[in-house]
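Enquirer: This is the structure, below, for whatever I ask next.
The values are calculated or read from the model by the stated rules, or taken from the named source; none is laboratory data. In this text the structure is predicted, and so the values were computed from the model without any measurement. With ideal geometry, Cβ positions are generated from the backbone for all residues, glycine too; neighbour counts draw on all protein chains shown.
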Amino acid sequence: MKLEGRKIYKGIAEAEAIVTKDGISFYGGIDPDTGIVVEVGHDLEGQSITGKVLVFPTGKGSTVGSYTMYRMKKNSMAPAAIVNERIDTIIAVGCIISEIPCVDKIDINCIKTGQIVIVNGSKGIVEVK
């Protein structure tokens, strides 16, 4: 299945999806040294986003989240790609400075955790295998 969205940051990544209906705050919600979601009560609490296609509705929280994403990328703890329904500026800036392929305006209900997903940020296409 191919889903067409909006290009946020270029690049192509293929990985297992990890999906949540909850918004994500990279600052305080994810441990940048481990890639583990640490936000208490979050749908993904205790799970790693490292090397996965992270699928979620939108970001939340502090603008420091963009720099947290950059730190994760430098530590090899970042997600392989990000797919959003409606991106916010924090996630957009984080993807751009961290060079993480990203597409938004995607119906995330079409993607399930564990599926293999190809994110083509250069074309704004998300392919679910």
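Enquirer: Can you tell me which residue among Lys2, Lys21, Lys73 is in contact with a Ser or Thr (Cβ under 7 Å, 6 or more places away or on another chain), at negative phi and of a type in the set (Lys, Arg)?
Expert: Unique residue meeting the criteria: Lys73.
Enquirer: Out of the residues in the range 90-115 that are more than 13 Å from the chain's Cα centre (by Cα) and free of Cβ contacts under 8 Å to residues at least 60 places away in the same chain, which is farthest from Leu3 (Cα to Cα)?
Expert: Here the residue is Ile97.
Enquirer: Residue under question is Ala15, and the condition is that it be surrounded by fewer than 19 Cβ atoms within 10 Å (Cβ to Cβ), within 12 Å of the chain's Cα centre (by Cα) and among the small types (Gly, Ala, Ser); does it hold?
Expert: For Ala15, the condition - surrounded by fewer than 19 Cβ atoms within 10 Å (Cβ to Cβ), within 12 Å of the chain's Cα centre (by Cα) and among the small types (Gly, Ala, Ser) - is met.
Enquirer: Out of the range 46-58, which residues are closer than 18 Å to Ile82 by Cα and touching a strand residue (DSSP E or B) at 6+ places or on another chain (Cβ under 7 Å)?
Expert: Selection gives Gln47, Ser48, Ile49, Gly51, Lys52, Val53, Leu54, Val55, Phe56, Pro57, Thr58.
Enquirer: Any residue at all in the range 114-129 that's at pLDDT below 95 and more than 18 Å from Lys10 (Cα to Cα)?
Expert: Yes, because at least one residue in the range 114-129 is at pLDDT below 95 and more than 18 Å from Lys10 (Cα to Cα).
Enquirer: Could you check, for the range 55-62, whether at least one of its residues is touching a Pro at 6+ places or on another chain (Cβ under 9 Å) and either at pLDDT 95 or above or more than 19 Å from Asn120 (Cβ to Cβ) (or both)?
Expert: Checked the range 55-62: no residue is touching a Pro at 6+ places or on another chain (Cβ under 9 Å) and either at pLDDT 95 or above or more than 19 Å from Asn120 (Cβ to Cβ) (or both).
Enquirer: Filter the range 108-129 down to the residues that are buried (at least 24 other Cβ atoms within 10 Å of the Cβ) and of a type in the set (Val, Ile, Thr) and list them by number.
Expert: Those that are buried (at least 24 other Cβ atoms within 10 Å of the Cβ) and of a type in the set (Val, Ile, Thr): Val117, Val119, Val126.
Enquirer: So, in the range 70-107, of the ones that are of a type in the set (Val, Ile, Thr) and surrounded by fewer than 21 Cβ atoms within 10 Å (Cβ to Cβ), which residue ends up nearest to Lys129 (Cα to Cα)?
Expert: Here the answer is Ile96.
Enquirer: Before we move on, is Leu54 touching a Cys at 6+ places or on another chain (Cβ under 7 Å), within 20 Å of Pro101 (Cβ to Cβ), outside any helix (DSSP H, G or I) and not hydroxyl-bearing (Ser, Thr, Tyr)?
Expert: Spelling it out, it is not the case that Leu54 is touching a Cys at 6+ places or on another chain (Cβ under 7 Å), within 20 Å of Pro101 (Cβ to Cβ), outside any helix (DSSP H, G or I) and not hydroxyl-bearing (Ser, Thr, Tyr).
Enquirer: Identify all residues within the range 29-50 that are surrounded by 17 or more Cβ atoms within 10 Å (Cβ to Cβ) and either part of a strand (DSSP E or B) or of a type outside the set (A, V, I, L, M) (or both); write none if there are none.
Expert: Gly29, Ile30, Pro32, Gly35, Val37, Glu39, His42, Thr50
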